[in-house]
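Data block below; observations after.
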Amino acid sequence: MQNLSNDLQKPSNWRVNLDDTKIKLDVSLKLMKKYEWLLDAYVLDFFLDDHWSQLPENLQLHFKDIPLEHLCELLQTEETEKLTWPRELVDLKRNLKELCISRTPRNHTETSLPCPLLEHPKLKHMFTKRVKPKKQHEIRRMAEICALSHRQTPVEFIVDFGAGVGHLARILGYGFGIQVCCFEMQDELNQQAREIDAKLESMATKHLHESETNHFQRPVHLTQRLESDTQQEHFLSCIRDALQLKKEDFSFGIVGLHPCGNLGPTLMRMFLGCPQAKFLNFVGCCYQKMNTEITHPRNQVHGYPLSSFLKDTRESQLSYEAREISCHAMEVYHDRLQVGDYEHLRIHSLRAAAERIIVQEFPHLRHCALRNVKHSPGMTFHEYFQRAVQGTRFEALDSRLLSNEQTDEDLKNWKRIVVFYTLRLMLAPLVESIILYDRCLFLQENDCDVRIEAIFDPRLSPRNHITMAVKPQFL
Ligand SMILES: C[S@@+](CC[C@H](N)C(=O)[O-])C[C@H]1O[C@@H](n2cnc3c(N)ncnc32)[C@H](O)[C@@H]1O
């Protein structure tokens, strides 16, 4: 595994042919298999299953007294090492760098398409009010890219899968004058979306001249759930009705900003199945929520793998735990390590120590008893435990159970869990890249031209890769 093919160039803006994608996938899966034991080790089970003892002895020794700040170097992809690491880790880091799709967005001046409405002094707040900075960052960039695709691959409208309250559609519709048909399964979100649209229109009437609103296209918000077995005919007839289309040969682009779990694969299938769909732009999320053969053996179709190449490859499966870690932000953890933010770094050990206590009392409740607890400075283990079981039947658990030698020992070993978690995070981009390469290949196998690239700041938005595809007639 030390010498990867010279053909494998560092992919930052990733657009290669079908055979290269297969090579990438093949080599990535081999590397993943080597570290499957680490990827499949769920952090909650760290003490229960004694994960530390699974680390090779030389690594245990190396990490025994290492200052935690040093670990951040293992999560740096762009810089070269200053510290001395065991050979295996140096090789692993180099291989990961060669194989994984870069998480650093390029300078995007050549693909930027400013939207004047977002800067309008009286109207800009309509796009930012009650929208978190993370979402503001995402919708701005995503809208620019979708508007560019619309320009390069002219279509009559865009369909947004899992549109939420329509933040993206609003910029496309009012900012860029593109008609958008939103599919969102939660009716409350659609109601909210319509209210915000109406408010924006009324503000625009006050502050803009008529000539400045001529291009406005109010988005259409449909309450519809799109599943992997949703028929194309049904999907197309929903669009036809919503947009009152008389003809059959309309054309559209498909977009999705963080369509969760299976919705990503569903939108890809719909894109390939509908001749009217001409381009596709989406940024996926929640890979752990996708159906796979392991989790849903009876299902006809799965969220992963999608490509025929991987479906025919034995051992292409990715566990729930591996897909879950691939959604975590290695950059944020890197920063916590770098500044020695021990308060945050300790939280996994509190969780794993609490899990041991729960499972010892109720073995059948593994992985399901603890609630998420937001970290607060100076929180003791007792406080953590009370919050983690608040409102559950464990609330009444005898507090003497919390003070025992085993728990004290677990808590004393909190740095081990930081080391172990850092090693898992190192591999997270490999798992994500495998999922993305599989998606890319699925589209390539169906004759599309595909590009994958990081478009968001990974610290703000950890799922930051866009998958862009166009059908052959537009190449
Ligand atoms: C992570 S949110 C993203 C929302 C929006 N795109 C944004 O970026 O603000 C995913 C959205 O997809 C919707 N969704 C999930 N599964 C869906 C499905 N099968 N059909 C339609 N909508 C779905 C959810 O209700 C949720 O609003």
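The values are calculated or read from the model by the stated rules, or taken from the named source; none is laboratory data. It should be emphasised that the depicted structure is a prediction, and the values quoted were computed from it without experimental measurement. Please note: Cβ atoms are built from the backbone with ideal geometry, for glycine as well, and neighbour counts cover all protein chains shown. What goes into the accessible areas is simple: the full protein's heavy atoms, side chains included, and nothing from ligands, DNA or RNA. Shrake-Rupley method; radii C 1.70, N 1.55, O 1.52, S 1.80 Å.
Taken over the stretch 452-469, the criterion of being over 12 Å from residue 141 (Cβ atoms) and either outside the structural domain of residue 254 (by TED's automatic domain parsing) or of a type outside the set (D, E, K, R) (or both) is satisfied by 452, 458, 462, 465, 467, 468, 469.
Filtering 351, 336 for residues that are assigned to a helix (DSSP H, G or I), touching a residue at least 40 places away in the same chain (Cβ under 8 Å) and in the same structural domain as residue 31 (by TED's automatic domain parsing) leaves a single hit, 351.
Within the stretch 105-128, identify whether any single residue is within 25 Å of the chain's Cα centre (by Cα), part of a loop (DSSP other than H, G, I, E, B), within 16 Å of the ligand (Cβ to nearest atom) and outside the structural domain of residue 75 (by TED's automatic domain parsing), and answer yes or no. Yes, because at least one residue in the stretch 105-128 is within 25 Å of the chain's Cα centre (by Cα), part of a loop (DSSP other than H, G, I, E, B), within 16 Å of the ligand (Cβ to nearest atom) and outside the structural domain of residue 75 (by TED's automatic domain parsing). Filtering 173, 164 for residues that are touching a residue at least 24 places away in the same chain (Cβ under 8 Å) and outside any helix (DSSP H, G or I) leaves a single hit, 164. Considering the conditions (1) within 15 Å of the ligand (Cβ to nearest atom); (2) touching a strand residue (DSSP E or B) at 6+ places or on another chain (Cβ under 7 Å); (3) open to solvent by less than 60 Å² (accessible area, probe 1.4 Å), residue 155 is excluded by exactly one of them, (1). Among the residues of the stretch 158-173, those identified as more than 15 Å from residue 215 (Cα to Cα) and more than 10 Å from the ligand (Cβ to nearest atom) are 158, 159. Take the conditions free of Cβ contacts under 8 Å to residues at least 24 places away in the same chain and surrounded by 17 or more Cβ atoms within 10 Å (Cβ to Cβ) and apply them to residue 73. Does it pass? In short, yes. In this structure, residue 176 does not satisfy being of a type in the set (Phe, Trp, Tyr) and within 12 Å of the ligand (Cβ to nearest atom). Taking the stretch 179-195 as the range and being within 12 Å of the ligand (Cβ to nearest atom) and either surrounded by 12 or more Cβ atoms within 10 Å (Cβ to Cβ) or touching a residue at least 12 places away in the same chain (Cβ under 8 Å) (or both) as the test, the residues that pass are 180, 182, 183, 184, 185, 186, 187, 189, 190, 192, 193. Checked against (1) closer than 30 Å to residue 255 by Cβ; (2) open to solvent by 10 Å² or more (accessible area, probe 1.4 Å); (3) within 19 Å of the chain's Cα centre (by Cα), residue 440 passes all but condition (2).
Taking (1) modelled with pLDDT of 90 or more; (2) part of a loop (DSSP other than H, G, I, E, B); (3) among the β-branched types (Val, Ile, Thr) in turn, residue 84 satisfies each apart from (1). Looking at 201, 227, just one residue is more than 13 Å from residue 159 (Cα to Cα) and part of a loop (DSSP other than H, G, I, E, B), and that residue is 227.
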